Structure formats: structure tokens, C-alpha cells
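Below: the structure, in C-alpha cells.
The values are calculated or read from the model by the stated rules, or taken from the named source; none is laboratory data. These figures come from a predicted structure and were not determined experimentally. Note: ideal-geometry Cβ built from the backbone for every residue, glycine included; neighbour counts use all protein chains shown. Ligands, DNA and RNA are excluded from the accessible area calculation, which covers all protein heavy atoms including side chains. Shrake-Rupley method; radii C 1.70, N 1.55, O 1.52, S 1.80 Å.
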Amino acid sequence: MLSVTSNRLSAAKRANSTRRIDLGKGCTLVSGGHEPRAGDLVLARVDRAGHHDGVEDPWGRRATIYPGDEILVCYGNRYAPDQFEAVVPQNLGPCHLVAAGGLAAKALTWHTSMRPPTEITPIGLVADATGKVLNIRDFRIPAPAAAPHIPVILSIGTSMNSGKTTSAARIIKGLSRAGYRVGAAKVTGTSAGKDTWLMHDSGAVRVLDFNDAGFATTYMEAVEDVEAGAMSLVGELERSGAEIAVVEVADGLLQQETRQLLARPAMRRMTSAVVFSSVDSMGAVAGADWIRGLGYDLVTLAGVMTNSPLAAREAADATGLPVTRLAEFLDARVLERLFPFFDDRVARARSAEMQHDAICA
């Protein structure tokens, strides 16, 4: 066990995955025969830049990395059919940076469009004065005392890049315009700020993700832990004053944590409505059958498919479901048709604005 100065830690390029960890507790480095765990904080040296030539820091800036730079990232498994498949290695030997949000792992496979992964060498796991390794789980938000009660709109999809996050953002914007205090959460995935910042920019009063629940990534985590994390996030949104929660489940229906999480009875009970995004009409039809089979209230199809009027018509005819384009989620009349809990607060809000304008005049 070696000592490490706060200056050295603060000089390292810190990734988004580490944002909840209190670096002030780090004063030693653990190396040697230690086996890393998902979520462990590691100080690593960049050896050779590959696909990821930068890390996204906790404040949204992309920091360029060079060979010889020291970076602070978390160990974690990676599931990304469009990018990398990777696992936490069994030792602190050389491995890879497999996500811009800051994941150290051993890359197994990658999409043909990707360059080889960036090569890194762990210097040591960051630990406290007793030698206890700092792990993101130790900095998670507390579990709620009871199950959340606010309506939850679930945004799920066939795969990565099917339109889940964009649909969720437009729903957030539409509900916010209608006068609701909307909370947003991404309950599975790999640490990155892009999606949560989009939700914030769309009007959410509070935005959380699985990082806040103690995960750098949810891939290969026990479904019971992922479910508990999801409940904690929605519970925290409710405690923060959100009246409705828009919740995204990352990746697609075939991804193991997504599939297992959606099959959990507690998740189904918490969910008021589902919006399903797909790339094409066949995916929409297959996904709709699967979601309905689990007992969810699937209210509309959305996503990349809606760019094609023909594909949208095919999906609507085959499922009997409406297809909603992005712009339509901003229309209060559309939201009122889709979501049974939507009320007339739009009219009330407009009336209040008119009264305020009249008084000011």
C-alpha cells in the first residue's frame, strides 16, 4: 500500500463515472495481487490512445488524453453492441478504457466501425487510510423508506440508438410546458453525462442516473441490485418534489439486465405507462408483443422508426397502437390522449398566466 497525494489525484483527468466519489477520502494506492471489483476507483496511466482519445469529466467537458497522462476512472463491465463488449479483469494488469465516461475493463469484442480500444495500465486502486478501496457503491443515495407513488413513464427500446433518450427528453419538455414538475432518471447503462444533461435541458427539475444509485455501469450486476437502484432513484425524485418521473432503461429488450429488470413485478407496479422506441417496424411489433406480455400499459410507439411514414404505418397497423413523432410529444393534447394521469393543469397554468399579465398591465 502506497501513499498518494491529493495533488496527484486532482491533477489526474477525472472521468464522469467517478463523480459521486469523494476524492478527499483517497490517500493510499492498493496494487499488487488485489482483484478489482466493478465500481472500484483506479488511478491509471494512458499507454496508447485508441478509439477513446478523451474522457468525459464530471462537469461535461471532454478532456483530451495523451500517452503518459494519468486518469481517474472506475472499473466496470461494458455492454454496447455498437461499441465495446468488456469485462472487469481479474487483476490490476494492463487493460483498456472502454467508455468515454470512464470505464477500465478488458475489451473482448468491438464493432467493426470502432478503432481498437485505448490501452491503459492501472497504477493502483484509490483507497482510504485503512486501505479500504473507494467504490462508487459507498457513495450512493439512500434507499427510499417506501415504494414511490408518483406516476412513472418508462422509455424503453429495441436497442442502442433507437430513440429512447430523445423520446424521453421530448416527453419531459412537453410535460414541463404543461406545468408539471418532472423528474428524470436513467436506471441502467454505462456512465456518461450526455443523456442526463439532455433531460436537464429539456426541463426536468431533478435528473439522476444509475451512477447515483452506486453503479459505474449496470452490466452484469444482480437484477435485485439494479431494481433497488431504480426504486431509489425514483424515490429520490419524488422526495425532490417531482410530480411525474420519466425513466429510461438503456440498451434493448435482449440485453440481460433490461430483460430481467422489466420482468420484475415491482418494476411493473411502479410503471404507469410505457413508450417504446424502435429502429424499424418489425422491431416495434416484436417489442410491443413482448412488453404487453409482461403486463405493461404500452401507450405508444416512437423512436427512429417514425422517420419513415411507411414504417410507422406498418407498425401501427400491426399493433393497433398510435405512433408518436418527436414534435407531437410537445403537444398537450397528445400527452392528454397518451397518459391517463394527465390533467387540465395546462389550461389552469395558461389562465394563471393571463391573470398575471392582466394584473401587470
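Over the chain, the pair-distance histogram of Cα-Cα distances with 10 Å bins from zero comes to 6, 24, 30, 22, 12, 5, 1, 0 percent, rounded to whole numbers. Put simply, when 172-185, 266-279, 94-107 are sorted by average Cβ atoms within 10 angstrom per residue, most first, you get 94-107, 172-185, 266-279.
For the chain, lysine pairs with C-alpha atoms less than 17 angstrom apart, excluding pairs fewer than eight positions apart on the same chain, total 7. Largest GNM mean-square fluctuation among 157, 68, 33, using the chain with Cα springs under 10 Å: 33.
If you sort the three axes of the alpha carbon gyration tensor as a ≥ b ≥ c, you get a/c under 1.5 for the range 9-102, which makes it rounded.
Accessible surface comparison of 128, 297, probe 1.4 Å, protein chains only, largest first: the order is 297, 128.
A crude spin-label estimate for the pair residue 141 and residue 225, with each label 7 Å from Cα along the Cβ direction, gives 1.9 nm.
Computed over the chain, relative contact order equals 16 percent, with contacts defined as Cα pairs under 8 Å that lie 6+ residues apart.
For residue 238, neighbours were defined as the other residues whose beta-carbon sits under 12 Å from its Cβ, and their charges (Lys and Arg +1, Asp and Glu -1) total +1.
I need the shape label for the range 91-131. Rule: rounded when a/c is under 1.5, else prolate if a/b > b/c, else oblate, with a, b, c from the alpha carbon gyration tensor. It is prolate, given that a/c is not under 1.5 and a/b is the larger ratio. Residue order by solvent-accessible surface for 114, 1, 220 is 1, 220, 114, largest first, with ligands and nucleic acids left out and a 1.4 Å probe.
Extension gain, residue 8-residue 289: 0.36 nm per intervening residue step, less the Cα-Cα distance, totals 95.8 nm. One decimal place: the segment residue 313-residue 115 gains 67.5 nm when fully extended, by the rule 0.36 nm per residue minus the C-alpha distance. The accessible surface of the range 51-210, taken with every protein chain in place and a 1.4 Å probe, is 51 percent carbon and sulfur. Note on the range 221-288: Cα convex hull, mean projected area over all directions, 5.0 nm².
In the full protein context, the chain carries 43 Å² of accessible surface per residue, based on a 1.4 Å probe and ignoring ligands, DNA and RNA. Could you tell me which of rounded, prolate or oblate describes the range 1-44, using a ≥ b ≥ c as the square roots of the eigenvalues of the alpha-carbon gyration tensor, with rounded for a/c under 1.5 and, failing that, prolate when a/b is larger than b/c and oblate otherwise? It comes out oblate by the Cα gyration axes. Taken along the Cα-to-beta-carbon direction at a fixed 7 Å, the label points for residue 259 and residue 282 span 1.8 nm.
Sorted largest first, the principal axis extents computed over the alpha-carbon atoms of the range 121-253 equal 52, 34, 26 Å.
Compute the long axis of helix 345-360 from its Cα atoms, compare it with the longest principal axis of the Cα atoms of the chain, and write down the angle in degrees, 0 to 90, nearest 10. Approximately 90 degrees, to the nearest 10.
Amide H contacts of residue 101: 56, each under 5 Å away and 5 or more positions distant or on a separate chain (H built 1.01 Å from N in the peptide plane; Pro and chain starts excluded).
For residue 255, no residue whose modelled amide H falls within less than 5 Å of its own remains once neighbours fewer than 5 places apart on the same chain are excluded.
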